[in-house]
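The values are calculated or read from the model by the stated rules, or taken from the named source; none is laboratory data. From a predicted model like this one, the values you see are computed outputs, not experimental measurements. Cβ atoms come from the backbone with ideal geometry, glycine included; neighbour counts cover every protein chain shown. To get the accessible areas, we keep the full protein, side chains included, count just its heavy atoms, and leave off ligands, DNA and RNA. Shrake-Rupley method; radii C 1.70, N 1.55, O 1.52, S 1.80 Å.
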Amino acid sequence: MHSDFSVAKAKNPGPVRFEGDVVRLSVTYKSPSALLSEFTRSVGKGGVSIASRKAVPVGTRFVFELKAKGVPDVVEVHGEVVNVKNPENNLHLLTIRYAQPERREGLDALIHRIFEAHKYEKVRKHARIPIQLRGGDAAGGHYLVRDISQGGLGVEVLGLQLPKYIKVGEPFLLELALTIGELGLYGQVVWLYQGARKQDKVLAPGFGVTFGKLRPETMQRLDRILSLQGLPPPPWKAALSFGRDAVSRMP
């Protein structure tokens with residue numbers, strides 16, 4: 001039955017299992033980091049769209065079993081079909097809305113593996129947690145935070161060019177409303193990447209940020225983010241500021 005469904009950007013989709021009115025779909029990723037990146041991308045959006053050759057009614061419950069190669073721990077994501085578009089090329093497009101995970105054992109185990117693997121890292125001081133968090137600035141720029149650590153974060157520019165106002169040494173601020181309160185991460189831009197084209201791939205421009213001396217309560221909230229806890233209801237959206245604007249907004 002695995003050919004009845006296809007998940008966008010999934011790696012090695014496994015067999016589909018029907019358990020009463022629940023559909024279980026297993027998907028395997030190449031590494032814990034790849035799994036967490038896709039997990040935050042989808043959960044941060046609030047849902048996913050999948051194609052199905054089988055007619056599935058609104059209200060059908062899904063359980064996505066996310067696995068990383070070589071890792072026994074499984075991350076379960078629960079969802080419910082909220083919309084079905086008419087078949088096109090004999091495929092039905094299902095819109096599935098995610099629910100907040102009820103159990104965190106698999107997620108916590110994967111995060112623990114990333115921190116454990118970092119103990120052997122000789123270049124980076126802090127373990128980086130993959131996260132796909134969209135954001136924007138007052139000038140209309142659009143960004144995607146790709147990873148975050150206790151020391152800083154990496155950001156991809158959702159555009160063809162790096163904005164001219166983003167420069168090395170420029171003050172930076174990221175603001176995000178969490179379920180546990182406001183989070184303000186301030187620091188400065190420390191590197192830039194102008195983007196490139198390699199063969200048939202376009203590598204997006206981006207930049208890196210090093211945090212300044214964060215307040216104890218800010219560090220506590222950052223630690224919650226690093227364990228993927230306390231995040232707001234989807235869709236996740238952060239506010240980014242640079243230069244004088246960032247300084248004026250810093251707590």
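Extension gain, V190-S49: 0.36 nm per intervening residue step, less the Cα-Cα distance, totals 47.1 nm. Expressed as a whole percent, the accessible area of the stretch 132-251 that falls on carbon and sulfur atoms is 52 (1.4 Å probe).
The convex hull defined by the C-alpha atoms of the stretch 176-240 has an orientation-averaged projected area of 5.9 nm².
What Kirkwood radius, in Å to one decimal, follows from the Cα pairs of the stretch 11-163?
Values: mean 1/r = 0.0575 Å⁻¹.
Taking every pair of different Cα atoms in the stretch 11-163, averaging 1/r and inverting gives 17.4 Å.
Annotation: average projected area of the stretch 26-98 is 5.0 square nanometres, based on the convex hull of Cα atoms across all directions.
Over the Cα atoms of the stretch 105-251, what is the Rg over Rh ratio if Rh follows Kirkwood?
Using Cα coordinates only, the ratio equals 0.96.
Taking 0.36 nm per intervening residue step and subtracting the Cα-Cα distance, what contour gain separates Q100 from Q220 on full extension?
On the way: separation 120, 0.36 × 120 = 43.20 nm, distance 2.17 nm.
Taking 0.36 nm per residue and subtracting the Cα distance, the gain is 41.0 nm.
Excluding same-chain neighbours fewer than eight residues apart, the lysines reachable from K213 by a Cα-Cα span under 19 Å are K125. Rolling a 1.4 Å probe across the protein heavy atoms gives the stretch 122-242 an accessible surface of 54 Å² per residue.
Between V63 and A177, the FRET efficiency estimated from the beta carbon spacing at R0 = 25 angstrom works out to 0.30.
Taking all Cα pairs closer than 8 Å and separated by 6 or more residues, the relative contact order of the chain comes to 15 percent.
Can you tell me how much longer the chain between H142 and L91 gets when fully stretched, taken as 0.36 nm per residue apart minus their C-alpha distance, in nm with one decimal?
On the way: separation 51, 0.36 × 51 = 18.36 nm, distance 3.26 nm.
Separation in residues times 0.36 nm, less the Cα-Cα distance, equals 15.1 nm.
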